[in-house]
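Enquirer: Sharing a structure, written as C-alpha cells. Questions coming.
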Protein chains: 2
Amino acid sequence: MEALFPFPKPTHFSSTTNLLTPPKPTFASSTKVRMSLQENGPSVAVVGVTGAVGQEFLSVLSDRNFPYRSIKMLASKRSAGRRFTFEEKEHVIEELTPESFDGVDIALFSAGGSISREFGPIAVERGTIVVDNSSAFRMDENVPLVIPEVNPEAMDHIKLGMGKGALIANPNCSTIICLVAATPLHRRAKVLRMVVSTYQAASGAGAAAMEELELQTREVLEGRSPTCKIFNQQYAFNLFSHNASVLSNGYNEEEMKMVKETRKIWNDKDVKITATCIRVPVMRAHAESVNLQFEKPLDEDTARDILKNAPGVVVIDDRASNHFPTPLEVSNKDDVAVGRIRRDLSQDGNLGLDIFVCGDQVRKGAALNAIQIAEMLL
Amino acid sequence: MEALFPFPKPTHFSSTTNLLTPPKPTFASSTKVRMSLQENGPSVAVVGVTGAVGQEFLSVLSDRNFPYRSIKMLASKRSAGRRFTFEEKEHVIEELTPESFDGVDIALFSAGGSISREFGPIAVERGTIVVDNSSAFRMDENVPLVIPEVNPEAMDHIKLGMGKGALIANPNCSTIICLVAATPLHRRAKVLRMVVSTYQAASGAGAAAMEELELQTREVLEGRSPTCKIFNQQYAFNLFSHNASVLSNGYNEEEMKMVKETRKIWNDKDVKITATCIRVPVMRAHAESVNLQFEKPLDEDTARDILKNAPGVVVIDDRASNHFPTPLEVSNKDDVAVGRIRRDLSQDGNLGLDIFVCGDQVRKGAALNAIQIAEMLL
C-alpha cells in the first residue's frame, strides 16, 4: 500500500491505546524544530486536558507548530497539580475556575456540555475566544458552527486581538467526517437527501470508553464476564445502537445532531437527512456509509476527481485490490478517507452515489477541526 | 432484560467461539427426549459438516427434532475418518463422492460454491433433494430461492418421496436477515426502494475467519502484529469493506446478492435496492441498517405491530432504556430481531421507515433457513 498519510503522531500521558493503534514516535525521536512558542502568538488554554480530545489538542498543537505565546492546562480539581512535559517544558494542570481565563486569547474546550455551558460564557466575558467541542452551543443561532474546509465564512466576523470574546462551536464528530467528504459533491450537484449509517468507535465516548473496550475484550477472551461501567452492555465483539438518549421521534441525539448540524453548516433548511448511529468495537476512528441523492447529475468518475482535489480528503478506492478506507488506516491521520465511490443503482441516471467514509474521531472529528478553527483566527 | 429467546443451543466439536458467545449446555445436560430418529423419516446427508454452518446444521436438526431416518456426515478427504458423537450415536465423517448420495433423500450443502456446482447436479441425478447454502444456483431461474417465512410457494412443486431430485437454494445470509424483517412491511405498504448498510460478523467467512478474529485480537492486545491469513488486513478492532470481489459497477458481490436475490424472492424486478456491505469485528451475528421507501403510507406504530406478529421476528425496540437489537443478543437464536423502528424524517409523511435488524448469520442466515426448507418437504 502506498503511504497515504503523514507519519503517526505522538500522544502524551495516555497509555491506553498504544497497543491498538499504529506505533507512535516519542518526542525525543522527532527531528522537528520547535517553532510555536512565539512572543506575539496568542495565549492558549486547553480545557479538559486529561481527556482523549484534550490530549489530542496537545498533539495537534505540536504537530502543526501552532504559534502560541503561552499555554495553560486546565482540568477538574481531581487532576489539578498533576505534572507532565509538553514540548520540552514542564506543565502543571490547574483547576478550571473563572479566573483561569484572565489573559487567555483562545480557549479550546473539550470537557463536556455542562462545563462548556458554565465556563464558556465566563471565558467570553473575559475576552477569550472559545472553540468549543461540546454540543452546548452548536445550535445557538449566534454561534458559528464551523468546519474549516466547508464553511469558513461563518466565522468571518470573529477576529483575534479585537479584545472581544466569542464562541465558535466545533460540530459533532460524525457530522464533520461526513461533511468533509459530502460537501465537495454537494457544491457540484446539490445534495437533496442523505441516508447515513455510522460505525462509531469507542473514542467518541472518551478515554474511559476506550479503556473499557480493551478491558472487556481481555475479559471475554479469558472467559470472564465483561466489566460494564461506561456502557450498559457488552461492547467487546458486539455492537449496539449509539448510547445517546433516544428522543420521542425515535432518533437518538447523535442522529439528530447530524440532521440539524448539517442543515446549519450547509445553510440549507431543506436538505433531507436520516441517520442510524451505531457503536462498533473499534478504538478511535469512525466510519460512515453515506447514500447521496443529488439535484443535478454527477457521475462517479467526476465525483472521484472532485474528491481527489478536495481539502482534507484522501481517496482510497482501489476496487481491484479491494482496498478501501478503514478506521485503522485513518487512525492518527488528519484526512478523511473516502472510497466505495459508485453510482447508486437504486436511483435514476447519475442522480445518486454511495460512498464510504472513515475519519479519526479524536483528530479531525474533534481536536484537529478545533485547532484549524483557531488557526483561522490568527 | 426479559428473556426474549429460547435457551442457547449446543454445538459440536467446535471449540473456537465458546468464550465469545453465550454459554452453551452440553448434550448430557439437556432433558429433551430424542424423537427424531424415525423409521419413516427421510435419510439426510450433511455436506461440509466440519464447517461453521455444517456444525450448525447438526445443532438445528437436533434442536428441532428433525425426524431423519439416518444421517450421513460428509466432508473433504482431509476430514474423512474423523469420529464424533451426535445425538448419542457415534458418526464417522465420510469423504464426499458421487456415491455418497445413493439412498439420500435430502442433502444439506454448505461446502462452498464449487462443491455445490460439482456435486449438486450429481446428487439431483441420484434422486436427492439438495438444499444448497452456496451462491451456485441462487440466480438459476429453475431453482427456487426460498425463505420459508417469505416465499414458501416458490417450492410448492418440489415434494419428497416422488423419487425425483431437485435443487433448492438458500439465500445469502444478509438477504435472509433483511427480508425476514422487511417482507411483512413490504406486504402491507410495498417497498419501492431500500438502502441497506450491513455490519457483518466473522462467521460469514467461515469458522477459520472466526478463529482469525480471536487470534488477531489476542495478538493486538499483546502488542504483536496480527496474523492475516483469511483477510488481507487487520480485523481486530477494525472494520473493512466486505472481502467479496468488487464488480465493474463498483458494488461487491455480497451487495449485488442482496439486490438480485431480493428481486427474485419478492418476484419484483422493479424494486430498487442499494447496499453497502461492511465486515465488523463481531463473531457470529449480522446487523443491518435498513432504510425503506414505501408506495403506501405506513406509520411506525402500525409497522411495529406488524413486526410483532410476523413469523421469525422478535421486536426489541425499547427507547426509554436504549435497548435495541445487538449481534450478541441474537447469537444462537432463531429469530431475527428488529428495532429502531421509526418514521424516516427525510421522506414525506409516512412513506419511509428506518429499522435496525440483527440475526444470527450461522443460524437463520444459513443453517436454520435450510432446515426450515427441508421441513417443508416433509
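Enquirer: Roughly how many whole Å is it from the C-alpha centroid of segment B:326-362 to that of segment A:262-315?
Expert: Here the two parts' Cα centres lie 23 Å apart.
Enquirer: Roughly how crowded by other chains is peptide B:277-286, in terms of the mean Cβ count from those chains within 10 Å of each of its Cβ atoms?
Expert: Across B:277-286, the average partner-chain Cβ count within 10 Å equals 4.
Enquirer: A further question follows. What number, in nm² with one decimal, is the all-direction average of the projected area of the convex hull of the alpha-carbon atoms of segment A:168-253?
Expert: Spelled out: convex hull of the Cα atoms, projected over all directions, averaged, 7.9 nm².
Enquirer: Tell me, what % of the accessible area of segment A:32-109 is carbon and sulfur with a 1.4 angstrom probe?
Expert: That fraction is 47 percent.
Enquirer: Distances from A:Ser248 to the same position in the other copies: list them in nm, one decimal, shortest first, using label points 7 Å from Cα along Cα→Cβ.
Expert: Shortest to longest, the spacings are 5.4 nm.
Enquirer: Taking the label point 7 Å from Cα in the Cβ direction, how far apart in nm is A:Glu39 from each other copy of itself, listed shortest first?
Expert: Values, ascending and in nm: 10.7.
Enquirer: Over both sides of the A-B contact, add up the buried accessible area with a 1.4 Å probe and give it to the nearest 100 Å². Let's see the in-between values first.
Expert: On the way: alone 16850 and 16820 Å², together 28160 Å².
Using a 1.4 Å probe, the pair buries roughly 5500 Å².
Enquirer: May I ask for the longest run of chain B untouched by trypsin sites (Lys or Arg not before Pro) that are loop-located per DSSP and have at most 10 neighbouring C-beta atoms (other than their own) within 10 Å? Working shown, then result.
Expert: Numbers: sites that count: B:Lys32, B:Lys269.
For trypsin sites (Lys or Arg not before Pro) (loop position, at most 10 other Cβ atoms within 10 Å), the longest site-free span of chain B is B:33-268.
Enquirer: With a ≥ b ≥ c the root eigenvalues of the C-alpha gyration tensor of segment A:54-156, is it rounded (a/c under 1.5), prolate (a/b larger than b/c) or oblate?
Expert: Oblate.
Enquirer: Another question about this same structure. Residue by residue through A:238-248, how many Cβ atoms from other chains fall within 10 Å of the Cβ on average? Write down the numbers at each step before the final one.
Expert: On the way: counts 12, 13, 11, 12, 2, 1, 1, 3, 10, 2, 1.
Average per residue, whole number: 6.
Enquirer: Taking GluC sites (Glu not before Pro) as exposed when DSSP calls them loop (any state but H, G, I, E, B) and at most 10 other Cβ atoms lie within 10 Å, what is the longest stretch of chain A free of them, the sites themselves excluded?
Expert: Values: sites that count: A:Glu2, A:Glu39, A:Glu88, A:Glu141, A:Glu222.
Longest stretch, sites excluded: A:223-378.
Enquirer: Kindly provide the helix-only [θ] at 222 nm of chain A, computed as the sum of -39,500 (n - 2.57) over DSSP H runs of four or more divided by all residues, to the nearest 500 deg cm²/dmol?
Expert: It lands at -7500 deg cm²/dmol.
Enquirer: Relative to 2.2 N^0.38 Å, what does the C-alpha radius of gyration of segment B:174-364 come to as a ratio? Two decimals please.
Expert: On the way: Rg = 17.3 Å, N = 191, 2.2 N^0.38 = 16.2 Å.
It is 1.07.
Enquirer: Let me know the mean shielding of B:343-351 by other chains, meaning the per-residue number of their Cβ atoms within 10 Å of its Cβ. Numbers along the way, then the final one.
Expert: On the way: counts 4, 7, 10, 12, 4, 1, 0, 0, 0.
Averaged over the peptide's residues, the number is 4.
Enquirer: Oh, and also: Angle between the Cα long axis of helix B:113-125 and the longest principal axis of chain B, 0 to 90 degrees, nearest 10?
Expert: It works out to around 60 degrees.
Enquirer: P(r) tail for the protein assembly as shown, what percent of Cα pairs lie past 32 Å?
Expert: Details: 156399 of 285390 pairs.
Pairs farther apart than 32 Å: 55 percent.
Enquirer: Right, another one. Starting from the Cα gyration tensor of chain B, multiply each eigenvalue by 5, take the square root, and state the resulting semi-axes largest first in whole Å.
Expert: Ellipsoid half-lengths, sorted descending, are 32, 25, 21 Å.
Enquirer: How far, in whole Å, is the closest Cβ of chain B from the axis that maps B onto A, and which residue does it belong to?
Expert: Result for the axis mapping B onto A: B:Ser197, 2.
The values are calculated or read from the model by the stated rules, or taken from the named source; none is laboratory data. What you see is a predicted model, and the numbers here were worked out from it, not measured in a lab. We place every Cβ from the backbone using ideal geometry, glycine too, and count neighbours over all the protein chains shown. We work out accessible area using only protein heavy atoms, side chains counted, and drop any ligands, DNA or RNA first. Shrake-Rupley method; radii C 1.70, N 1.55, O 1.52, S 1.80 Å.
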